[in-house]
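The values are calculated or read from the model by the stated rules, or taken from the named source; none is laboratory data. Bear in mind the structure is a predicted one, so any value in this text is a computation, not a measurement. Virtual Cβ from ideal backbone geometry, glycine too; neighbours counted across all protein chains shown.
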């Protein structure tokens, strides 16, 4: 089973209490601030390559769906030595505050997901490296690279830069995966880039940083899963990390594309933050529910989107889109109550992208 760490270390009765104590200490020592979102990658069954994620936030992120064609000239938005590029690949993305892509997938099957990480520190600006605002990080990767290996190499040469919107700093980390099942997680802690690269890195939440989450997860033993296996059930990042890992590793080969999407989405829903669930003592983040869920079915070229204030699931078929250079940028408001099912033909052209 793939997770990141090996969960079969000790008998379950010997590990649950120490694990719970370590988890409580780790969370207690973290500053009381916001941290949410979960990413779950399913890449270890023949014919299956998909990722689900939640977007959890204290207010609306004003999400919109965008179709970005090839040939778009962009730059990183920083005053000194901004990164400059022309998009090689088309993509479908979900934007956050119209500042950049929080989630999406490109036509080659590289998918990217931006999640909150309170510990993020990009370090002092190094003008020797091309810089880009953190909100553009995912779009930069989707525009330019087809594989995780390419993205990992590229991150050595650029520098994300902190930005602020709606009173929130862009303290984020990014996960990417590709059509071959490869995966990487990028984090900047203490001003330095850490990369966890490999197919085994399938679940990501928020704080503490990823290496600490992996260590905490080793304390759990899920060798004999059953309905009595104790699982942490709250909404904090480590509880969601453990729960998502446990259920993700129970997935079996689906009988169909539809069953596969349903199976992974069932886990994404399990780790969603319910409405009105208490989160922190900070008045800005006292409630921090899931706003939407996405599922990138890379193997079949379909991008699913589910708004938590609507009973409907939407999807976009990438094979039905035109990504040719010179094609218009397309946009769709996915929060419209009347939308349901395949919305590939519902996008409308706009004069230019917001980011």
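So if I check each of 299, 277, 255, which one is modelled with pLDDT under 95 and surrounded by fewer than 21 Cβ atoms within 10 Å (Cβ to Cβ)?
Answer to the check: 277.
So which of 178, 182 ends up being buried (at least 24 other Cβ atoms within 10 Å of the Cβ), closer than 22 Å to residue 44 by Cβ and modelled with pLDDT of 95 or more?
Answer to the selection: 178.
Residue under question is residue 212, and the condition is that it be over 18 Å from the mean Cα position of the chain (by Cα), within 25 Å of residue 137 (Cα to Cα) and crowded, with 17+ Cβ neighbours inside 10 Å; does it hold?
Taking the combined requirement at face value, the residue does not satisfy it.
Is one or more of the residues making up region 227-240 at pLDDT 95 or above, in contact with a strand residue (DSSP E or B) (Cβ under 8 Å, 6 or more places away or on another chain) and within 18 Å of residue 113 (Cβ to Cβ)?
Looking through region 227-240, none of the residues is at pLDDT 95 or above, in contact with a strand residue (DSSP E or B) (Cβ under 8 Å, 6 or more places away or on another chain) and within 18 Å of residue 113 (Cβ to Cβ).
Condition (residue is without any contact (Cβ under 8 Å) to a residue 24 or more places away in the chain and either in a helix (DSSP H, G or I) or under 15 Å from residue 203 (Cα atoms) (or both)) applied to region 230-246: is it met by at least one residue? Can you show your working first?
From region 230-246, those without any contact (Cβ under 8 Å) to a residue 24 or more places away in the chain are 231, 233-234; that's our starting set.
Next, only the ones that are either in a helix (DSSP H, G or I) or under 15 Å from residue 203 (Cα atoms) (or both) stay: none.
Scanning region 230-246 turns up no residue that is without any contact (Cβ under 8 Å) to a residue 24 or more places away in the chain and either in a helix (DSSP H, G or I) or under 15 Å from residue 203 (Cα atoms) (or both).
Among the residues of region 185-195, which ones are surrounded by fewer than 19 Cβ atoms within 10 Å (Cβ to Cβ) and either in contact with a helix residue (DSSP H, G or I) (Cβ under 8 Å, 6 or more places away or on another chain) or farther than 26 Å from residue 129 by Cα (or both)?
Hits for region 185-195 are 194, 195.
For residue 291, state whether it is farther than 21 Å from residue 60 by Cα and modelled with pLDDT of 95 or more.
Considered against the rule, which asks whether it is farther than 21 Å from residue 60 by Cα and modelled with pLDDT of 95 or more, residue 291 comes out as no.
Is it fair to say residue 77 is surrounded by fewer than 19 Cβ atoms within 10 Å (Cβ to Cβ) and either touching a helix residue (DSSP H, G or I) at 6+ places or on another chain (Cβ under 7 Å) or on the phi > 0 side of the Ramachandran plot (or both)?
For residue 77, the condition - surrounded by fewer than 19 Cβ atoms within 10 Å (Cβ to Cβ) and either touching a helix residue (DSSP H, G or I) at 6+ places or on another chain (Cβ under 7 Å) or on the phi > 0 side of the Ramachandran plot (or both) - is met.
With the requirement that a residue be within 20 Å of residue 173 (Cα to Cα) and surrounded by fewer than 18 Cβ atoms within 10 Å (Cβ to Cβ), what does region 44-59 give you?
Correct list: 59 only.
Read through the list (1) under 28 Å from residue 251 (Cα atoms); (2) loosely packed, with under 15 Cβ neighbours inside 10 Å, then give the number of the only condition that residue 128 fails.
The single condition residue 128 does not satisfy is (1).
Filter region 308-338 for residues that are under 16 Å from residue 292 (Cα atoms) and touching a helix residue (DSSP H, G or I) at 6+ places or on another chain (Cβ under 7 Å); which is surrounded by the most Cβ atoms within 10 Å (Cβ to Cβ)?
Among those residues, the one meeting the criterion is 316.
Within region 90-108, count every residue that is over 24 Å from residue 207 (Cα atoms) and under 15 Å from the mean Cα position of the chain (by Cα).
Summing the residues that are over 24 Å from residue 207 (Cα atoms) and under 15 Å from the mean Cα position of the chain (by Cα) in region 90-108 gives 4.
Name the pairs: first residue in region 186-203 and at positive phi, second residue surrounded by fewer than 19 Cβ atoms within 10 Å (Cβ to Cβ) and in a strand (DSSP E or B), Cβ to Cβ under 9 Å, at least 6 apart or on different chains?
none
Of all the strands (runs of 3 or more DSSP E) wholly in region 260-355, which have at least 2 residues that are within 20 Å of the chain's Cα centre (by Cα)?
Values: elements: 290-297, 302-307, 313-317, 329-332, 348-350.
Fully inside region 260-355 and qualifying: 290-297, 302-307, 313-317.
For region 185-199, give me each residue that is farther than 17 Å from residue 158 by Cβ and part of a loop (DSSP other than H, G, I, E, B).
190, 198, 199
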